[in-house]
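The values are calculated or read from the model by the stated rules, or taken from the named source; none is laboratory data. Fair warning: this is a prediction, and the values are worked out from it, not measured in the lab. All Cβ positions, glycine included, derive from the backbone under ideal geometry; neighbour counts span all protein chains shown.
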Amino acid sequence: METIIIQDTDQDILDILKFALEEEHFSVYAVLERESNFLEMIEELRPHVIMLDYRLDGQTCINICHQIKAHYPHLPVIAMSCNININEVYGRHGFDDYIAKPFDLDVLYSTLRKYIPRKS
């Protein structure tokens, strides 16, 4: 089963994402705000994708992305944001992709499938 770590500042969004992704047979580890050390979580859980809330405080989120990429350069990190210019800034900050909030579940699934192909 493919594992996804999701960090968000909103518990309701985490709950919705966790439910929706588990229905699609992903294993989801939800993290509220900055409660954990991402590098330790990655080492332990070996996720296929990480999704970070860009609203967390853009710079903090960018720093977390840089830390992850320094240790795991091939691990996809996706920014989630309601920031209207996220499509212009995600790449220059090291993110592999972005999901605009509010998000459509079909867009969420197709974005994740770019990085986690369906098993036959």
- Query: So, in segment 42-74, of the ones that are among the aliphatic types (A, V, I, L, M) and out of contact with any Phe, Trp or Tyr (no Cβ under 9 Å at 6 or more places or on another chain), which residue ends up surrounded by the fewest Cβ atoms within 10 Å (Cβ to Cβ)?
  - Reply: A70
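Restricted to segment 35-79, and to residues that are among the basic types (K, R) and at pLDDT 90 or above, which residue is farthest from K18 (Cα to Cα)? Reasoning before the result, please.
As a first pass, look at segment 35-79 and keep what is among the basic types (K, R): 46, 55, 69.
Subsequent filtering for residues that are at pLDDT 90 or above retains 46, 69.
Values: R46: 17, K69: 24 Å.
This residue is K69.
For segment 1-43, enumerate the residues that are touching a Ser or Thr at 6+ places or on another chain (Cβ under 6 Å) and closer than 18 Å to C82 by Cβ.
Residues of segment 1-43 that are touching a Ser or Thr at 6+ places or on another chain (Cβ under 6 Å), as a first pass: 1, 3, 27, 33.
Across segment 1-43, the qualifying residue is only E33.
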- Any residue at all in segment 35-50 that is of a type in the set (S, T, Y), farther than 22 Å from R118 by Cα and in contact with a helix residue (DSSP H, G or I) (Cβ under 9 Å, 6 or more places away or on another chain)? no
- Item | Selection count, segment 104-120, where residues are crowded, with 17+ Cβ neighbours inside 10 Å and modelled with pLDDT under 90 | 0
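May I ask you to list the residues in segment 1-17 that are surrounded by 17 or more Cβ atoms within 10 Å (Cβ to Cβ) and closer than 19 Å to Y115 by Cβ?
Kept after step one, since they are surrounded by 17 or more Cβ atoms within 10 Å (Cβ to Cβ), are these residues of segment 1-17: 2, 4-8, 13-14, 17.
Correct list: E2, I4, I5, I6, Q7, D8, L17.
Condition test on A20, is it crowded, with 17+ Cβ neighbours inside 10 Å and modelled with pLDDT of 90 or more? Before you say what the answer is, go through the steps one by one.
On the way: crowded, with 17+ Cβ neighbours inside 10 Å: no; modelled with pLDDT of 90 or more: yes.
Criteria not met by A20.
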